[in-house]
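Read through the structure below, which is laid out as structure tokens, and then see the notes.
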Amino acid sequence: MIRLNAVTRSDLRRRLGGGRALTMVTVYLSVLALLAFLSLPPDLGRLDDLRQEGLLLAFLIVETVLAAYLTSASACGEIAVEGEKSVVDLAASPFTPGAVAWGKVLTSLLFATLLTVLAVPFSLVVAGIRGEAPSAVARAAIVTVPVAASLGALGALYSAVFDSDFTRSFVHWLTLLALIVGATALPPPWDVLSPVRMVILLARDGLRVDALLASALYALLIFPVGVAIARRIERIRAMYQH
Amino acid sequence: MIAMSFVFLGAVLPARSAPALDVRGQVGMGGWIVPGRFVPLRVQVGADREVRGTLEVAVPGPGGDTVTHTHAVHVTPGSAQQITFDIIVTDPRRDLLLRVRGNGGEEARAALPVGVFRVAEGIVAAVTREPAGLEFLAASGRKRRPAYLTGASLPSGWQGYDAVDLVVVRDLDPRALLPVQQEALVGWVAQGGRLLVAAHDALPVPPWLQVLLPARIASPPSSVPGVPVALAALVPDPGAEVVRRGDRPLAVRGGFGRGVVEVWAFDPFSPQGRAWPGRLPLWRSLLELPRPTPAASGTLADELPRTRPLPGSTQLVLALLSVAYIAAIRILLRRFGPARGGWVLLFAAVAAFGVVLFGVSAGARRAAGSIAQVSIIEVIPGAQRARAGTFVSLITPYGGRVDFTVPRGAAVRPLGPGNLRIDESESVVTGTARTGQGVLEVTQIVPVDLRAEAVERDGTLALVVTGRDPRPTHALLYRRRQIHRLGEELHPRTVLDPARWEPVDRPGTLGTDLAARAAEWLFKQLQAAGGEAWLVGRSSDERVGVRLPDGRSGISAQLVVIPVRLR
């Protein structure tokens, strides 16, 4: 049986059982349910004459952006989950810096996975009504989970680096805008780094190598971020010891 | 659209050097095509082995769409199968694609170029063994082209004559003509086609053709003093128009249905006939006759619904399932989220709701695909037939395809964008509409025995309807933008009350359903007919229109239109 990191175990207990966390998940699902319901009018399909999957793509993009935001905002403290300890709080705990860093990274990964999985039924409603294969939803998840998890890890790093709430939120939003809006404006082939572009490519065109590589890049980003978090914890501890 | 298929059992293919499967095609009436009109396409599939599969003919349509005609093929070793399609070429610059598909995929393909040099504005088809006599067409100013045919090569569906301006019958072996070919020619003339029969030694007029003729050919052509061509003795029917040379009838013109039939006492294909200048005014008067237009035209399709929303009940089910899902997730997260093994329950709930929601939405999508159709059954007076034009709207609000069956022998013409696949063997049409909607016209000729007359007696005007077929319901009499309602059931004799005529322009006069909207549209068309009166009523003729695979006809309406003769 896999023994879960103690930090992750504690964080997940708060995120899955806490009142504010439940509200967050409920709002997330309600927004997706509303979007799925709005995709029912047939006239909307004519926005895209040739491809009926236009609405499914729009849905999957919104889902990815929402999952990425909620994961990173929870990690950086922009959305405070009651009882969940931040990286700075944990720096004073007996856990090793590595345990705290990888615990926070793993929390983001599992929370991103949870949000992606919870969205599946609504994605399937849109896919079903628009005549798309459910596999398109699965392919989009290849993007959603790594992107949301890496942004969650970055959020955890920001919570350790920036003391000011304003600065933390500012950098957090700057990162989101840079990756979601800025990267989309990049010239090809660099635009594939945009999560929006990646979702479109994977959901519409199948398992494309360039989109898979970009997705793997986001997944790999977790490791240097985890190392950076651990370093930051060591620095905080050293600062307090002096 | 009817496809005539027969096997040449005696055909021999070259033994070893020939390819295993050979596909060849010949398009056009005598090689000529008129863009936008049906022309025959003959395809021959030959093989030195047994081939079972499907022949596909991909015809490029306007806007990059394709109309694909298919027909089953079964070729035994060393034989060939010939299949005839009626296709519409819209862009002669683009090749047709012929493909044979077997169980193992594509077995043969051939491109069939059409070419702009084959394009004509109209075709004069002559059934004659003498392939000369129509050279004057080149000097007529219009790009009308001659096609010299044999009786055996005449179309087997009336739509095969769609591009033809005039059919001339000179040499006809009655045994060479199949019953379907005879019916095709008669059906085309009844709808407004023009037929010329030239008296000739080798023309024994068969009974089915004699019915159409306005005169009887009493004797073969013989020399007549003062006339440079030999003349046959014609005995005109009462009421026929006669052109005389001296006291001899030279040409006799009559009508059959909405068509024109003429008999000439001389042979315009003989050397003397070809050299006689007196023939040219006769040709001109025949070719310059205006072609009658059917009452139903493509704009009727605008009255059809193009889309429809999901039923309220389906939307409610989806909404309730969504709310139930969110509530279930909340409960599971609160109670079992932090617990060991709670993830399993969570994933089970996601999987269960995912399957149900996908099933409901996919089912709703399938149920949303349908058709809407409106048929105008236009009775052709004096021909015991009716031209039934059905306009079909493919309702695919969420994309996808719609399958439906068309009556055998019906002509299918796309009126808008969208891909069509027409299975000629099974009379099944599959439509995929690019913009969530597609419109097409299905035309057929059906035997109908209904006549309407307005009889005036003792100062009273009465409408008398006779015939074996069921009378239309909710009928009304239309004349000059005024209608006279005849009640839900139409009686054989109805006295017309002058006080009961009402203007048709009053909004909502006829109602708002599809049949009422179609009737209003029809009255605008009939306005062009001037002072003629028409009997218009609703019908439910099973022979007319298209059907979904489960036998339903979707949103449908049928109108019968009968010209009323004043007596």
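The values are calculated or read from the model by the stated rules, or taken from the named source; none is laboratory data. Keep in mind that what you see is a predicted model, and the values were worked out from it rather than measured. Using ideal geometry, Cβ is built from the backbone for each residue, glycine included, and neighbour counts are taken over all protein chains shown. Keep in mind that these areas ignore ligands, DNA and RNA; they rest on the heavy atoms of the full protein, side chains included. Shrake-Rupley method; radii C 1.70, N 1.55, O 1.52, S 1.80 Å.
Values computed for the structure shown
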read-out	value
Sum of side-chain charges, B:T293 neighbourhood, beta-carbon under 12 Å (Lys, Arg +1; Asp, Glu -1)	+2
Rounded to whole Hz, the Karplus (6.51, -1.76, 1.60) HN-Hα couplings of the range B:466-477, x for glycine and proline	10, x, 7, 6, x, 6, x, 9, 6, 7, 8, 9
Extension gain, B:A72 back to B:E241 (0.36 nm per residue minus Cα-Cα distance, nm)	56.0 nm
Residue-by-residue Karplus 3J(HN,Hα) for the range B:275-291, coefficients 6.51, -1.76, 1.60, Hz, glycine and proline x	8, 7, x, x, 6, 4, x, 5, 4, 4, 5, 7, 6, 8, 5, x, 7
Rg/Rh ratio calculated on Cα atoms of the protein assembly as shown (Kirkwood radius)	1.16
Interface residues in the range A:93-114 - accessible area drops by 40 Å² or more relative to the isolated chain, probe 1.4 Å	A:L114
B:E378 long-range amide H proximity, modeled H, under 5 Å	B:R387, B:A388, B:G389, B:V561
The range B:307-357 - Kirkwood radius from inverse mean 1/r over Cα pairs (Å)	12.2 Å
Two-decimal Rg to Rh for the range B:326-414 - Kirkwood Rh, Cα set	1.44
Per residue accessible area of the protein assembly as shown, 1.4 Å probe, in Å²	43 Å²
1.4 Å probe, heavy atoms, protein only - residues of the range B:392-422 losing at least 30 Å² accessible area vs chain alone	B:P397, B:Y398
Cα coordinate range in the range B:91-154, projected on the principal axes (Å, largest first)	52, 28, 12
Protein accessible area in chain A, 1.4 Å probe - carbon and sulfur %	69 percent
Fluctuation leader among A:G131, A:G18, A:G103 - chain A, Gaussian network, Cα springs under 10 angstrom	A:G131
Average projection area in nm² (convex hull over Cα atoms of the range B:206-289, one quarter of hull surface)	5.8 nm²
Taking the range B:312-368 and dividing mean pair separation by its residue count, relative contact order in percent (alpha carbons under 8 Å, at least six apart)	37 percent
Inter-site label distance for A:V181 and B:V344 at 7 Å from Cα along Cβ, in nm	4.6 nm
Equivalent-ellipsoid semi-axes of the range B:128-279, from the Cα gyration tensor, Å, largest first	23, 18, 15
Two-decimal ratio, the range B:12-151, of alpha-carbon radius of gyration to 2.2 N^0.38 Å	1.18
Projected area averaged over orientations for chain A, convex hull of C-alpha atoms, nm²	14.1 nm²
Derived scalar couplings ³J(HN,Hα) [the range B:181-190; Karplus, 6.51 cos²θ - 1.76 cosθ + 1.60; whole Hz; x for Gly, Pro]	5, 4, 5, 4, 5, 5, x, 5, 5, 4
Kirkwood Rh and Cα Rg combined as Rg over Rh, evaluated for the range B:63-131	1.04
Under 15 Å from B:K143, Cα to Cα: aspartates and glutamates that are on another chain or at least 8 residues apart	B:E121, B:E135, B:D165, B:E288
Amide H within-cut-off set for B:A215, under 5 Å, with H built and near neighbours excluded	B:D237
Length released on extending from B:A176 to B:S219, taking residue separation times 0.36 nm less the Cα-Cα span	13.2 nm
10 Å Cβ neighbours from other chains, averaged over peptide A:35-42	5
Modelled FRET efficiency - R0 30 Å, B:A319 with B:A351, Cβ distances, 0.05 increments	0.90
Calculated FRET efficiency for the pair B:T405/B:A132, C-beta based, R₀ 51 Å, to 0.05	0.70
The range A:6-241: relative contact order as a whole-number percent, Cα under 8 Å and 6+ apart	26 percent
Relative intensity, log₁₀ I(q)/I(0), of chain B from a Debye sum that treats every alpha carbon as a point, q = 0.07, 0.09, 0.11 Å⁻¹	-0.53, -0.82, -1.11
